Amino acid sequence: MTVYLVDEPFVDIAISYAAKDRTAQIVLLQDAVYSSQRVSTTAPVFVMADDVFRRGLSSRIPPSIHTISYGELVAMMERERVVNFL
């Protein structure tokens, strides 16, 4: 698996790279969580719970997007290859 760490303004380019990777898992960080409503991909998409809460988006995250903690992100990064779009 490959974890794609994504922040603005790199959402679109990161999604296009991840689309070519069958093992992609996309994690939207910081202001990239605003893009969770428009991301269209077959890869699993995650958002950081703290970033969603700080931006008041808790009720606006689509059900197909997984909310994770920083601890869960660290665990993913320890297990998987990481590609950084920060």
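The values are calculated or read from the model by the stated rules, or taken from the named source; none is laboratory data. Just so it is clear, the model here is predicted, and its values are computed rather than measured. Positions of Cβ are generated from backbone atoms using ideal geometry, with glycine treated the same way; all protein chains shown enter the neighbour counts. Note: areas computed on protein heavy atoms with side chains; ligands, DNA, RNA excluded. Shrake-Rupley method; radii C 1.70, N 1.55, O 1.52, S 1.80 Å.
Restricted to the stretch 33-58, and to residues that are of a type in the set (Phe, Trp, Tyr) and not in a strand (DSSP E or B), which residue is surrounded by the fewest Cβ atoms within 10 Å (Cβ to Cβ)?
Of the residues in the stretch 33-58, the ones of a type in the set (Phe, Trp, Tyr) are 34, 46, 53.
Of the ones still in play, those that are also not in a strand (DSSP E or B) are 34, 53.
Working: Tyr34: 17, Phe53: 12.
Among them, the one singled out is Phe53.
When the stretch 11-27 is limited to residues that are in contact (Cβ under 8 Å) with a residue 24 or more places away in the chain and not hydroxyl-bearing (Ser, Thr, Tyr), the one that is surrounded by the fewest Cβ atoms within 10 Å (Cβ to Cβ) turns out to be Ile13. Test Glu8 against the criterion of being acidic (Asp, Glu), surrounded by fewer than 17 Cβ atoms within 10 Å (Cβ to Cβ) and either at pLDDT below 95 or in a helix (DSSP H, G or I) (or both), and give yes or no. Judged against the criteria, Glu8 is not a match.
Among the residues of the stretch 59-86, write down those that are open to solvent by less than 80 Å² (accessible area, probe 1.4 Å), out of contact with any Ser or Thr (no Cβ under 8 Å at 6 or more places or on another chain) and of a type outside the set (A, V, I, L, M).
Within the stretch 59-86, the subset open to solvent by less than 80 Å² (accessible area, probe 1.4 Å) is 61-62, 65, 67-69, 71, 73-77, 80, 82-83, 85.
Filter again for out of contact with any Ser or Thr (no Cβ under 8 Å at 6 or more places or on another chain), leaving 67-69, 71, 73-77, 85.
Of everything in the stretch 59-86, those that are open to solvent by less than 80 Å² (accessible area, probe 1.4 Å), out of contact with any Ser or Thr (no Cβ under 8 Å at 6 or more places or on another chain) and of a type outside the set (A, V, I, L, M) turn out to be Thr67, Ser69, Gly71, Phe85.
Do we have Gln25 as more than 15 Å from Leu86 (Cβ to Cβ) and not β-branched (Val, Ile, Thr) here?
Taking the combined requirement at face value, the residue satisfies it.
Within the stretch 21-53, track down each residue that is at pLDDT 95 or above and basic (Lys, Arg). If the condition is that a residue be at pLDDT 95 or above and basic (Lys, Arg), then Arg22 is the only one that fits.
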